[in-house]
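One structure is given here, and the rest of the page talks about it.
Read-outs throughout are calculated quantities, based only on the coordinates presented, and are distinct from any laboratory measurement. Remember, it's a predicted structure, so these values are computed and weren't measured experimentally. Because the Cβ atoms are built from the backbone with ideal geometry, glycine has one as well, and the counts that use them run over all protein chains shown.
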Amino acid sequence: MARSTLYQQVASELRRTIYSGALKPGDQLPTEAELMLAHQVSRNTVRLALGELVNEGLVTRTPRRGTVVRERRPLLMHPQRELQPQPGETREAFAWAVSQEGREPSQEIEVSIVNPAEEIASRLELPDDGLAVVRRRLRFVDAQPYNTNDSYFPLWLVSGSEIARPGDISRGANRVLEELGHAQVRVVDDIWARMPTSSETDRLRLQSGTPVVVYVRVGYDGEDVPVRVAVSVLPADKHLIRYELKSR
């Protein structure tokens, strides 16, 4: 039997054990020697199997504890609810969603004025020399980095507002746009997956082999003018995106 088939079989059995709940987050997997004996395979086959699980984000290797099951608690996101605040809720959508799961949201924010890259400028329909305010956020859940969110706004629209100033906007930038007379009434989402850049890996503390989902949302006001481009980078093992569609 081919070696690749053997290690895939071992990986498959370990994967089933994890998904069934027999091995829970924080539990230690059997040692390499124990796996060799249980599956009657070589050490190299075991290491290939464990490497596959590491790349999938199911387990992690630590110097003292060996191979352990990773905590997998994805954040459930409802993109369609972003522009539909809950009654009486004054916080932005991310903070509200995280707190609904009994978890603690936080973020680091950097604000600057930039000449954005072409892919952003074209979505905002800016002229060649058009400037934008970007609010770059590294967002945390329970003190762990969960995603990045860079929101771009035309400078002509938000200059002098809270959006252009450093610091958190507890009620969210979307509310500020409403107050400026440019409420978003239509959005266009683009979503794709790729492997992270080295800077994203460092910033988000990603395990080796963890892919990310890039989620770009363009918001339009009542005059169909693009007023916001939000670019989120979401580690695939920490997020579940759920859309709810209704037929008319």
Taking the alpha-carbon centre of each part, the distance from the range 122-193 to the range 41-113 in Å is 23
Computed over all unlike Cα pairs, the Kirkwood hydrodynamic radius of the range 75-241 in Å stands at 16.4
Ranking 195, 216, 116 by how far each Cα lies towards the positive end of the charge dipole of the range 75-241 (+1 on Lys and Arg Cβ, -1 on Asp and Glu Cβ), the top one is 195
Under the Karplus relation with 6.51, -1.76 and 1.60 and θ = phi - 60°, whole-Hz ³J(HN,Hα) for the range 148-161, x at Gly and Pro, equal 10, 9, 10, 10, 10, 9, x, 4, 4, 8, 10, 4, x, 8
Amide H contacts under 5 Å for residue 101, restricted to residues at least 5 apart in sequence or on another chain and with H modeled in the peptide plane, are none
The ratio Rg/Rh over the Cα atoms of the range 3-69, Rh being the Kirkwood inverse mean 1/r radius, stands at 0.92
